[in-house]
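Asker: Below you'll find the structure I mean.
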Amino acid sequence: MKDSLRILSLDEIQFIGELPETTGTIAGNAHQKAETLYQLTGKNCFADDSGLEVFALDRQPGVDSAFYAGPQKNSDDNNQKLLKELEGKLDRSARFITVISLVMNGVFHQFEGSVNGTIAMELSGENGFGYDTLFIPEGYKHSFAVLPAQIKDLISHRAKAVQKLKEYLENSRFQE
């Protein structure tokens, strides 16, 4: 007989505020957030962190993707800064990465998903958020913001990391 799992949102556990993201790495931030929640609740939990790594920019914006153009966390500003930083650069290869950190019975596990692609020369599309209007996944001609949600949901970095988490949980015995 399989155990069951109930996932609670931050609202449901009455968490108010921001989770810390001070480690300087995507994997570290995912771990830090999960550890914070585990210490506060004593419950098994998971948390994630994501970022865009542009290889010609030494993997920037990376862990600072949301704050690339400043503390206002504005996607339009971030996209414009990225385009400006890439002016004159031939290599526009990039990847989105998500790391999910799971704490189960005090033991930490991490699951990574990534999708490779390129940064477009200009914004395109209305869907999505963040850098979706600039990121063209490998094997496609259009940005994440143009692609149908069903395709993005299958190939995205988050989808890949969640799939790994799901497979792990399906093959593990756990306690709430």
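Asker: Among what's in the stretch 129-169 and is among the basic types (Lys, Arg) and free of Cβ contacts under 8 Å to residues at least 24 places away in the same chain, pick the residue that is surrounded by the most Cβ atoms within 10 Å (Cβ to Cβ).
Answerer: Lys166
Asker: I'm checking my understanding of the structure. Among residues of the stretch 88-146 that are in contact with a Lys or Arg (Cβ under 6 Å, 6 or more places away or on another chain) and of a type in the set (Gly, Ala, Ser), which one is nearest to Ser65 (Cα to Cα)?
Answerer: Looking at residues that are in contact with a Lys or Arg (Cβ under 6 Å, 6 or more places away or on another chain) and of a type in the set (Gly, Ala, Ser), I get Ser114.
Every residue, every condition in (1) out of contact with any Ser or Thr (no Cβ under 7 Å at 6 or more places or on another chain); (2) on the phi > 0 side of the Ramachandran plot; (3) assigned to a loop (DSSP other than H, G, I, E, B), yes or no:
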| site | (1), (2), (3) |
| --- | --- |
| Ser101 | yes, no, no |
| Phe108 | no, no, no |
| Ser114 | yes, no, no |
| Glu122 | yes, no, yes |
| Gly139 | yes, yes, yes |
| Ala145 | no, no, yes |
| Lys166 | yes, no, no |
| Leu169 | yes, no, no |
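Asker: Identify, please: which residue in the stretch 83-97 is of a type outside the set (Lys, Arg) and either modelled with pLDDT under 95 or surrounded by fewer than 23 Cβ atoms within 10 Å (Cβ to Cβ) (or both) and is, among those, farthest from Ser156 (Cα to Cα)?
Answerer: Of everything passing the filter in the stretch 83-97, Gly88 is farthest from Ser156 (Cα to Cα).
Asker: Further, regarding this structure: From the set of residues in the stretch 98-119 that are free of Cβ contacts under 8 Å to residues at least 40 places away in the same chain and either among the polar types (S, T, N, Q) or buried (at least 21 other Cβ atoms within 10 Å of the Cβ) (or both), which is farthest from Ala145 (Cα to Cα)?
Answerer: My answer is Asn116.
Asker: Kindly evaluate Glu85 against the criterion of being of a type in the set (Asp, Glu) and either without any contact (Cβ under 8 Å) to a residue 12 or more places away in the chain or farther than 22 Å from Ala161 by Cβ (or both).
Answerer: So Glu85 fits the description; yes.
Asker: Which one is surrounded by the most Cβ atoms within 10 Å (Cβ to Cβ), of the residues in the stretch 25-64 that are of a type in the set (D, E, K, R) and either on the phi < 0 side of the Ramachandran plot or assigned to a helix (DSSP H, G or I) (or both)?
Answerer: Per the stated criteria, the residue is Asp49.
Asker: Quick check on the stretch 73-82: of everything there that is closer than 30 Å to Gln110 by Cα and touching a residue at least 12 places away in the same chain (Cβ under 8 Å), which residue is surrounded by the fewest Cβ atoms within 10 Å (Cβ to Cβ)?
Answerer: Ser75
The values are calculated or read from the model by the stated rules, or taken from the named source; none is laboratory data. The model shown is predicted, which means the values in this text are computed figures rather than measured ones. Neighbour counts run over all protein chains shown; Cβ positions are idealised from the backbone, glycine included.
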